[in-house]
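Take a look at the structure below.
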Amino acid sequence: MIRVGLLSEFRGAERKLSRLGAQGPRLVRESVHDGIRAARTYADRRIRSELNLRKDYVMGKLPVKFASDSDLTGLIRSERRGLLLSRFDARQLKGRKGSRGGGVSVRVHKSQGRIKLRHAFFFPLKHGGEGTGQYGLAERRDGSKRSFKALYGPSGSQAFGKILPDAAAEAVKVASQRLIGKLQRFAR
């Protein structure tokens, strides 16, 4: 989780901003919004440079709470939940004589090649809704037709945790620069 609050970054900022009246909290709020947006974009780019995921999916998994006049901090969170391997670039492999029994290949990391899972198969997701085309990836357990295990890849929170310090520093840097620029323009 990234929390951005600029008042703790600047000593005596509350006193200086209180002189601006109602404009002070608005300037801080807008600067925090800019910092949070920059950190979310930074995190999205870094995660997608490592993992083979779509932009809309990654951005959807990084929800944002923007600052308000009463609470001048912003947050970016990440779900602590595994990603189904089918979210990555998964393809059905052909078996003998064109049948689907060849397994599945998946490309999880952009820097690595495809992983071939010979005994894997696609199954429709229960909560994906009828006809939505959302599928999971699974492998059979114990050779039984009814017993299978869903396959998961690295979670978004794991990837987000790796880049968290850099993204937080980016958020504070952008927010600080924007606040200083707004204060300079306001002082003219």
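The values are calculated or read from the model by the stated rules, or taken from the named source; none is laboratory data. Just so you know, these numbers come straight off a predicted model, no measurement behind them. Cβ placement follows ideal geometry from the backbone for every residue including glycine, while neighbour counts extend to all protein chains displayed.
Out of all the residues in the range 158-172, which are closer than 21 Å to residue 81 by Cα and in contact with a helix residue (DSSP H, G or I) (Cβ under 9 Å, 6 or more places away or on another chain)?
159, 160, 162, 163, 164, 167
Among all residue pairs at least 6 apart or on different chains, which show Cβ distances below 6 Å where the first residue, located in the range 18-31, is outside the structural domain of residue 73 (by TED's automatic domain parsing) and the second is β-branched (Val, Ile, Thr) and in a loop (DSSP other than H, G, I, E, B)?
Hits for this filter: zero, empty list.
What pairs come out if I take residues in the range 172-185 that are over 13 Å from residue 37 (Cβ atoms) and not assigned by TED's automatic domain parsing to the domain that holds residue 26 and pair them with residues that are part of a helix (DSSP H, G or I) and acidic (Asp, Glu) whose C-beta lies under 9 Å away, six or more apart or interchain?
Hits for this filter: zero, empty list.
Can you name every residue in the range 84-94 that is crowded, with 18+ Cβ neighbours inside 10 Å and part of a loop (DSSP other than H, G, I, E, B)?
The one that is crowded, with 18+ Cβ neighbours inside 10 Å and part of a loop (DSSP other than H, G, I, E, B): 88.
Take the residues in the range 58-83 that are surrounded by 18 or more Cβ atoms within 10 Å (Cβ to Cβ) and either in a helix (DSSP H, G or I) or of a type outside the set (Ser, Thr, Tyr) (or both); name whichever of them is modelled with the lowest pLDDT.
The selected residue is 72.
Taking the residues in the range 11-57 that are among the hydroxyl-bearing types (Ser, Thr, Tyr) and over 19 Å from residue 73 (Cα atoms) as candidates, determine which candidate is modelled with the highest pLDDT.
Top of the filtered list is 49.
For a quick check of your reading: which strands (runs of 3 or more DSSP E) sit entirely within the range 102-177 and have at least 3 residues that are not basic (Lys, Arg)?
104-107, 120-124, 135-140
I'd like the full set of residues that are in contact with a Leu (Cβ under 9 Å, 6 or more places away or on another chain) and without any contact (Cβ under 8 Å) to a residue 24 or more places away in the chain, limited to the range 32-76.
Once the filter is applied, which keeps residues that are in contact with a Leu (Cβ under 9 Å, 6 or more places away or on another chain) and without any contact (Cβ under 8 Å) to a residue 24 or more places away in the chain, the range 32-76 yields 44, 63, 65.
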